[in-house]
Every structure is written in C-alpha cells, then in structure tokens.
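Scroll down for the structure; my scribbles are underneath it.
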Amino acid sequence: MLHLRVPQMLQMLERSLRKSLPESLKVYGTIFHMNQGNPFKLKALVDKWPDFKTVVVRPQEQEMVDDLDHYTNTYQIYSNNLKNCQELLGSPEVINWKQHLQIQSSQPNLNEVIQNLAARKSFKVKHTECFLYAELNTVKKLIPSLLDVKSLLPGGGKPKAINQEMFKLSSLDVTHAALVNKFWHFGGNERSQRFIERCIKTFPTFCLLEPEGNPVCWVLIDQTGEIRMAGTLPEYRNQGLISYITYIHTQALNNLGFPVYGHIAKNNNIMQKMIYNLHYICMPCAWNQWNCVSL
C-alpha cells in the first residue's frame with residue numbers, strides 16, 4: 001500500500017472521504033486530526049492514489065512495540081470495495097495479525113471481511129456494534145442530507161442547569177487517568193490507562209470537580225476525534241452532570257471546527273435519550289470495533 005506522507009495528499013484524502021460520509025466517519029475523523037498536526041503520529045495507507053478503494057490508518061511501527069496492547073495497535077478502516085479490502089488487510093505489511101489489535105470502522109459490512117480473515121489466519125475476533133451519532137452542527141456542515149429539523153426536540157439542544165456552586169468546571173489532568181480508566185467500559189487495565197493518559201495530554205478535556213477538587217464527571221476524545229470515555233461517579237449520577245459536561249465539550253469542539261461524533265451501546269437507553277436531547281443525530285450506519293487476538 002502507498003503511505004501518504006505529503007500534507008497536500010492527506011488534505012485531498014480528507015476531502016474525498018467527506019464525500020463518503022457517514023460510512024467513512026471514523027476514518028474521516030482520524031484524517032481530520034492528522035491534518036491538524038497529527039498528534040498521535042499516525043500513518044495513512046491507501047491501495048492506490050488518487051482513485052483509492054481502501055484506506056487504513058494505523059500507528060507508526062515503532063509505536064506498536066507491545067504485542068498485547070490493542071489500544072495502541074488500533075487500525076481505522078474504510079473501503080468501498082470489500083474484495084479489495086480483504087486482499088489488502090491480509091497482507092502482513094498492512095496489519096500485524098500476530099499482535100493483539102483492534103479494528104474500528106463505521107462500516108458494518110466489514111464484519112464479513114474480518115471474519116473471513118479470522119478463519120484464514122487463525123485469530124479470535126470479538127465484534128462490538130453500537131449506535132453512531134454525529135452532533136447537529138457536524139451534520140449541517142458535513143452531511144446535510146441527513147438533517148431532519150422536524151425530528152429535533154425543542155429547546156436548542158441545551159442541558160438542564162446544574163448547581164454551579166457545588167460543581168466547578170475544569171479540565172482533566174493525567175493524574176485523573178486512573179479514575180477515568182476505572183469506569184471506562186473498554187478499559188480497566190494498565191495499557192488502557194496509558195492510552196487514556198495520552199488522550200488527556202493530547203486533546204481538550206472537560207470535567208466537573210466537587211468542592212474538594214476531585215473529578216465527579218468527565219468527557220474526552222480519542223485519537224480519531226471521537227467523544228469517548230465519558231463517565232460520572234455512581235454517587236453523582238441522575239443529576240444531569242454528564243449531559244452538562246458533554247454539552248460544554250461539544251461547544252468547545254464546535255468552536256475548534258472539529259467534527260463532533262460518538263457512539264453509544266444499543267442497550268444504553270439513558271445515554272441515547274441524553275444525546276438525543278443534546279441534538280445529536282443517529283447515523284444510518286453503525287460504530288464497529290473488532291478485537292482480534294492471535295491463537
């Protein structure tokens with residue numbers, strides 16, 4: 001595959017992926033941030049240029065030194081040709097199938113490709129599919145065809161007020177990574193904590209502090225620019241804190257011109273209702289993650 005190193009080529013790739021939204025959203029979001037300085041030092045690979053069929057975004061090889069660290073060993077994939085995609089992903093030059101790794105995509109039909117590769121290359125795969133949401137301003141700007149104003153709740157997408165004397169708005173510090181890691185559904189280990197620390201150092205974060213100065217609610221984004229790892233301490237739930245902090249974070253990302261999107265588990269009705277109230281729009285495609293473990 002061809003490694004796109006020239007800034008102009010990455011900018012062209014971003015514009016091209018924009019035409020394939022929302023199915024290209026995970027890769028588009030990653031390339032967008034690569035064009036904003038590439039803070040995670042990722043590399044973009046295409047099968048050919050400029051008329052590519054498959055895009056793979058992955059870390060540099062020197063970053064992927066821990067074979068068991070699937071948080072670092074993460075690949076973002078978009079393809080408009082599944083046969084081409086399967087051939088390319090089967091190459092050890094593209095994906096190191098001997099490592100524990102994860103693949104993310106907003107294309108559910110990639111599941112067939114990855115399951116075929118699992119059978120061929122003898123690795124175990126766990127597929128997680130969630131609802132994919134994009135915020136109203138992102139939809140207006142990038143995929144206006146999906147905008148249905150009539151379906152939006154009245155109220156401007158704003159959350160209920162919180163007790164601002166009780167809770168202070170702040171940002172996360174790397175010392176808070178252990179707390180975030182404890183409550184992250186996909187985390188809870190040393191490798192995930194290192195990944196969270198890197199996200200905190202790299203991107204804008206927001207949290208609410210209780211009077212003693214400890215975070216009770218937080219939200220941050222990952223290397224693809226997706227809102228992830230949001231959480232609230234159990235004893236502070238049902239007070240609208242996560243809705244408030246997500247709204248604040250959304251406004252900040254909008255002001256920076258970032259695409260704003262995220263995913264929610266299909267059985268998490270509470271968060272689905274909250275995100276709907278904040279004028280996030282459910283995409284016709286899904287958020288997908290495949291955790292792959294070599295046998």
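What to note about this one:
- The stretch 230-245 residues that are open to solvent by 50 Å² or more (accessible area, probe 1.4 Å), paired with ones that are assigned to a loop (DSSP other than H, G, I, E, B) (beta carbon under 6 Å, 6 or more apart): none
- When the stretch 115-129 is filtered for residues that are farther than 18 Å from C85 by Cβ and either touching a Lys or Arg at 6+ places or on another chain (Cβ under 7 Å) or free of Cβ contacts under 8 Å to residues at least 60 places away in the same chain (or both), nothing remains.
- Boolean, Y261 is out of contact with any Ser or Thr (no Cβ under 6 Å at 6 or more places or on another chain) and either buried (at least 18 other Cβ atoms within 10 Å of the Cβ) or of a type in the set (V, I, T) (or both): yes
- Breaking point among (1) of a type in the set (D, E, K, R); (2) open to solvent by less than 50 Å² (accessible area, probe 1.4 Å); (3) over 21 Å from the mean Cα position of the chain (by Cα), for E135: (3)
- All of K182, K160, K150 fail the test of being at pLDDT 95 or above, open to solvent by 70 Å² or more (accessible area, probe 1.4 Å), of a type outside the set (V, I, T) and farther than 25 Å from V94 by Cβ, apart from K182.
- The stretch 273-285 residues that are more than 9 Å from F131 (Cα to Cα), paired with ones that are in a strand (DSSP E or B) (beta carbon under 6 Å, 6 or more apart): I275/Y133; Y280/Y133; Y280/E135; I281/A134
- Criterion (open to solvent by 50 Å² or more (accessible area, probe 1.4 Å) and within 19 Å of the chain's Cα centre (by Cα)) met by exactly one of K26, K48, K41: K41
- Boolean, P50 is touching a Ser or Thr at 6+ places or on another chain (Cβ under 6 Å) and over 24 Å from V293 (Cα atoms): no
- Filter result for L110 (touching a Ser or Thr at 6+ places or on another chain (Cβ under 8 Å), surrounded by 15 or more Cβ atoms within 10 Å (Cβ to Cβ), of a type outside the set (S, T, N, Q) and under 17 Å from V27 (Cβ atoms)): yes
- Evaluating L208 against the criteria (1) farther than 21 Å from L132 by Cα; (2) open to solvent by 30 Å² or more (accessible area, probe 1.4 Å); (3) touching a Ser or Thr at 6+ places or on another chain (Cβ under 8 Å) leaves one unmet condition, (2).
- Within the stretch 71-100, the set of residues being open to solvent by less than 10 Å² (accessible area, probe 1.4 Å) and either in the same structural domain as G188 (by the TED database) or among the β-branched types (V, I, T) (or both) comprises T74, I77, V94, I95.
- Cross-chain or 6+ apart pairs with Cβ under 7 Å, the stretch 65-88 first and closer than 23 Å to Y28 by Cβ, then β-branched (V, I, T) and assigned to a helix (DSSP H, G or I): Q76/V27; Q76/T30; I77/V27; Y78/V27; L82/V113; C85/V113; Q86/V113
The values are calculated or read from the model by the stated rules, or taken from the named source; none is laboratory data. All of these numbers come straight from a predicted model, not from anything done at the bench. In this analysis, Cβ positions are derived from the backbone assuming ideal geometry, glycine residues included, and neighbour counts consider all displayed protein chains. For the accessible areas, the whole protein counts, side chains as well, though only heavy atoms, and no ligand, DNA or RNA atoms are used. Shrake-Rupley method; radii C 1.70, N 1.55, O 1.52, S 1.80 Å.
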